[in-house]
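The values are calculated or read from the model by the stated rules, or taken from the named source; none is laboratory data. A quick note: this is a predicted structure, and the numbers were derived from the prediction, not measured. Every residue, glycine as well, gets a Cβ built from its backbone with ideal geometry; the counts of neighbours run over all protein chains shown.
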Amino acid sequence: MSRQIMIGNLTLGGGAPIRVQSMTNTDTMDTRATVEQTLRLVDAGCELVRITAPDVRAAQNLYEIKNELAKQGCHVPLVADIHFNPKAAETAAAIVEKVRVNPGNYTDRNTGKWFSQNGDEAYEKAYNEELERIGENMSRLIDICKAHGTAMRIGTNHGSLSERIVSRYGNTPEGMAQSAIEFAEVCRRQGFEKLVFSMKASNVKVMVQSTRLFVDKMKALGMDYPIHLGVTEAGDAMQGRLKSAAGIGALLIDGIGDTIRVSLTEDPVAEIPVAYDILQAVGARITQPEYIACPSCGRTQYDIQKALQHIKAATARFTGVKIGVMGCIVNGPGEMADADYGYVGSGEGKITLYKGKEIVKRNIDQQDAVDELVKLIEDDRR
């Protein structure tokens, strides 16, 4: 289990619910548009909102955005997204609850000096000197974060590893994990541990492998920082949802992950229900009923597709209840064995209702069966 940290008034890690976040796609200098989109995200269930701060001017405008949100009664923690401007990170860290930085912001880039042979004396000297410079370059940001109680996410991206890391590890999951570990150690040496880490890639395998490697490296070093999960640039529609579910879901099943972001090329509000669906599917955060339903076959003697839709509409308010909707008694009772309630075809137009593994009503007319199921759940809840 990861350590628990506070992002503003929101707990993250350490057994807290896995938090759902997204990112605005408005111009940060357009205060009104950014505030409006943030409010829509929060209304949809978003618990942290990330806003890009590409330069100091945009970082400063986060103050206006935060104030306008507060005027409207919204105190969602804000995360400043920083890419190439350490000064913007320092400005934002005094305003918002969290800053996201890329390790590439603080390393030597495009110097050409990393083509020397890995392992020779000059190479090792240069390698270690850059590590020292990283600590020096980050010290002001770390001091500001300490002073303001600001958290920091160190987000390693597959496409933006430093030349130094690539020269030793290649553009690999190992390189991603090692880059993040180096930054964790830099922060620890300066007494700052309000950290979150992420390993992002558009390639699902790379994202999963690098995150597992990083967690293993952390454990070996006695670290337990919270993990942010996401498949970056996943796309849209079904492909984007499936890639996100595959990568995020695999790690959640491993017990890895404290906050997630589903990255879709759509209105960011559309990301939120997908995130909750992923959490529900792996049993990480239950926010709605769950349905076990068979695809049906020639043995099914009622309209199971229509019945499932009717049942879902009638039971949507029963958060956490698991309902089995099965075509027949051949495999149905066994396959829905861990359901709380069962709706099973038992003859032409006939339904038998189960509570757990026990039959409670047998051979009900299909037209009455959904109402009877709802009554059964309601009576139990009373």
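Please enumerate the residues belonging to segment 334-382 that are touching a residue at least 40 places away in the same chain (Cβ under 8 Å), among the small types (Gly, Ala, Ser) and surrounded by fewer than 18 Cβ atoms within 10 Å (Cβ to Cβ).
Across segment 334-382, the qualifying residues are 347, 349.
Within segment 232-254, count every residue that is outside any helix (DSSP H, G or I), surrounded by 24 or more Cβ atoms within 10 Å (Cβ to Cβ) and modelled with pLDDT of 95 or more. Working first, answer last.
Taking segment 232-254 first, the residues outside any helix (DSSP H, G or I) are 232-236, 254.
Subsequent filtering for residues that are surrounded by 24 or more Cβ atoms within 10 Å (Cβ to Cβ) retains 234.
From the residues that got through so far, the ones that are modelled with pLDDT of 95 or more too are none.
Going through segment 232-254 one residue at a time, the tally reaches 0.
Search segment 111-129 for residues being in contact with a Phe, Trp or Tyr (Cβ under 9 Å, 6 or more places away or on another chain) and either part of a helix (DSSP H, G or I) or among the hydrophobic types (A, V, I, L, M, F, W, C) (or both), and hand back the single one that is modelled with the lowest pLDDT.
114
When you scan segment 255-347 for helices (runs of 4 or more DSSP H) that lie fully inside it, which ones turn up with 2 or more residues that are among the basic types (Lys, Arg) and not assigned by TED's automatic domain parsing to the domain that holds residue 224?
Numbers: elements: 271-281, 304-315, 332-335.
In segment 255-347, the matching helices (runs of 4 or more DSSP H) lie at 304-315.
Within the set of pairs 6+ apart or on separate chains, which have a first residue in segment 184-210 that is under 20 Å from residue 230 (Cβ atoms), a second that is among the acidic types (Asp, Glu), and C-beta atoms under 9 Å apart?
184/193; 196/258; 200/233; 201/233; 202/233; 208/254; 209/174; 210/174
Which residue out of 250, 284 is of a type in the set (Gly, Ala, Ser), touching a residue at least 60 places away in the same chain (Cβ under 8 Å) and farther than 30 Å from residue 26 by Cα? Explain how you work it out, then say what you get.
Working: 250 fails: touching a residue at least 60 places away in the same chain (Cβ under 8 Å).
Answer to the check: 284.
Pick from segment 42-59 the residues that are surrounded by 15 or more Cβ atoms within 10 Å (Cβ to Cβ) and touching a helix residue (DSSP H, G or I) at 6+ places or on another chain (Cβ under 6 Å): which of them is nearest to residue 196 (Cα to Cα)?
Restricting to residues being surrounded by 15 or more Cβ atoms within 10 Å (Cβ to Cβ) and touching a helix residue (DSSP H, G or I) at 6+ places or on another chain (Cβ under 6 Å), the top hit is 49.
Restricted to segment 354-382, and to residues that are outside any helix (DSSP H, G or I) and charged (D, E, K, R), which residue is nearest to residue 301 (Cα to Cα)?
Initial filter on segment 354-382 (outside any helix (DSSP H, G or I)): 354-365, 382.
Now drop any that are not charged (D, E, K, R), which leaves 355, 357-358, 361-362, 365, 382.
Details: 355: 22, 357: 22, 358: 22, 361: 18, 362: 15, 365: 12, 382: 33 Å.
Only one residue fits best here, namely 365.
With the condition kept exactly as written, say whether any residue in segment 217-226 is buried (at least 23 other Cβ atoms within 10 Å of the Cβ), of a type outside the set (Lys, Arg) and outside any loop (DSSP other than H, G, I, E, B).
no
Look at residue 162 and say whether it is touching a residue at least 12 places away in the same chain (Cβ under 8 Å), buried (at least 19 other Cβ atoms within 10 Å of the Cβ) and touching a strand residue (DSSP E or B) at 6+ places or on another chain (Cβ under 9 Å). Step through it out loud before you land on a result.
Numbers: touching a residue at least 12 places away in the same chain (Cβ under 8 Å): yes; buried (at least 19 other Cβ atoms within 10 Å of the Cβ): yes; touching a strand residue (DSSP E or B) at 6+ places or on another chain (Cβ under 9 Å): no.
Judged against the criteria, residue 162 is not a match.
Say whether the condition of being part of a loop (DSSP other than H, G, I, E, B), of a type in the set (S, T, N, Q) and within 22 Å of residue 11 (Cβ to Cβ) is met by at least one residue in segment 147-165. Break it down stepwise before answering.
Pass one, segment 147-165, residues part of a loop (DSSP other than H, G, I, E, B): 149-150, 161-162.
Filter once more, keeping what is of a type in the set (S, T, N, Q): 150, 162.
From what's left, within 22 Å of residue 11 (Cβ to Cβ): 150.
Yes, segment 147-165 has at least one match.
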